[in-house]
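Note sheet for the following structure.
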Amino acid sequence: MSRRWEYKLISTNDVPGGSWLGMKEREAVEAYLNQLGTEGWEIVGIDFTDATQSPNFFQALARRER
């Protein structure tokens with residue numbers, strides 16, 4: 001039987017909690033990613049740039065088996 005995947009696009013904007021000048025606290029980002037991991041999501045691709053070239057931004061693709 002072949003595997004089936006479900007995909008999810010995530011970004012810095014999805015991280016709960018406040019930010020200062022658009023920067024999320026490292027602990028908040030780690031907590032968010034760890035929560036996704038407990039839900040079965042695995043990050044399979046990540047990009048750290050956006051239109052403003054901010055080093056504090058990321059977009060990622062996650063997947064989990066259906």
>> Give me the one-decimal nm value for the distance between modelled label points at T49 and R3, 7 Å along each residue's Cα-to-Cβ direction.
In response: 3.0 nm
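Give, in nm to one decimal, the length gained when the segment between N13 and N34 is fully stretched (0.36 nm per residue of separation minus the Cα-Cα distance).
5.9 nm
Values quoted throughout were computed directly from the atomic coordinates according to the rules given, and no laboratory measurement underlies them. What you see is a predicted model; the values in this text were computed from it and never measured. So basically every Cβ, Gly included, is an ideal-geometry build from the backbone, and we count neighbours across all protein chains shown.
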